[in-house]
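Take a look at the structure below.
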Amino acid sequence: RVTGNASTGGVICDQASNCILGYNRYLGSCTPFEAKLWGILDGILILLNKGYKWATIQTNNLGVAKALPDKGLEDSELYIGKQT
């Protein structure tokens with residue numbers, strides 16, 4: 001298990017693939033898997049704060065995709081779809 005200093009980020013796009021917002025954050029010491037999950041969580045929190053109800057997450061990491069639920073998040077009304 002490789003651990004090192006990491007940062008994460010992502011881009012939020014609309015249905016027409018127009019970039020709406022980019023974000024990033026320094027995480028400190030964590031694994032690449034954890035960094036990917038933190039990046040997705042940060043994006044989900046941004047979407048929830050902006051009132052979005054639906055999102056598709058794209059990732060190039062099959063392990064991360066398998067770790068995400070295929071349903072709405074508990075205690076929220078955001079539906080998550082996945083693409084790898």
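Structure data summary
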| read-out | value |
| --- | --- |
| Residue list for the stretch 8-35, restricted to those being free of Cβ contacts under 8 Å to residues at least 24 places away in the same chain, open to solvent by 40 Å² or more (accessible area, probe 1.4 Å), among the small types (Gly, Ala, Ser) and not in a loop (DSSP other than H, G, I, E, B) | 22 |
| Residues of the stretch 36-64 satisfying the condition of being among the charged types (D, E, K, R) and either open to solvent by 40 Å² or more (accessible area, probe 1.4 Å) or without any contact (Cβ under 8 Å) to a residue 24 or more places away in the chain (or both) | 36, 50, 53 |
| Positions within the stretch 51-66 being touching a helix residue (DSSP H, G or I) at 6+ places or on another chain (Cβ under 7 Å) and more than 18 Å from residue 12 (Cβ to Cβ), in sequence order | 61, 63 |
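Results for (1) among the small types (Gly, Ala, Ser); (2) under 20 Å from residue 7 (Cα atoms), shown as yes or no for each residue.
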position: 18; (1), (2): no, no
position: 21; (1), (2): no, yes
position: 24; (1), (2): no, yes
position: 33; (1), (2): no, yes
position: 39; (1), (2): yes, yes
position: 44; (1), (2): no, yes
position: 54; (1), (2): no, no
position: 59; (1), (2): no, yes
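The values are calculated or read from the model by the stated rules, or taken from the named source; none is laboratory data. A quick note: this is a predicted structure, and the numbers were derived from the prediction, not measured. Because the Cβ atoms are built from the backbone with ideal geometry, glycine has one as well, and the counts that use them run over all protein chains shown. What goes into the accessible areas is simple: the full protein's heavy atoms, side chains included, and nothing from ligands, DNA or RNA. Shrake-Rupley method; radii C 1.70, N 1.55, O 1.52, S 1.80 Å.
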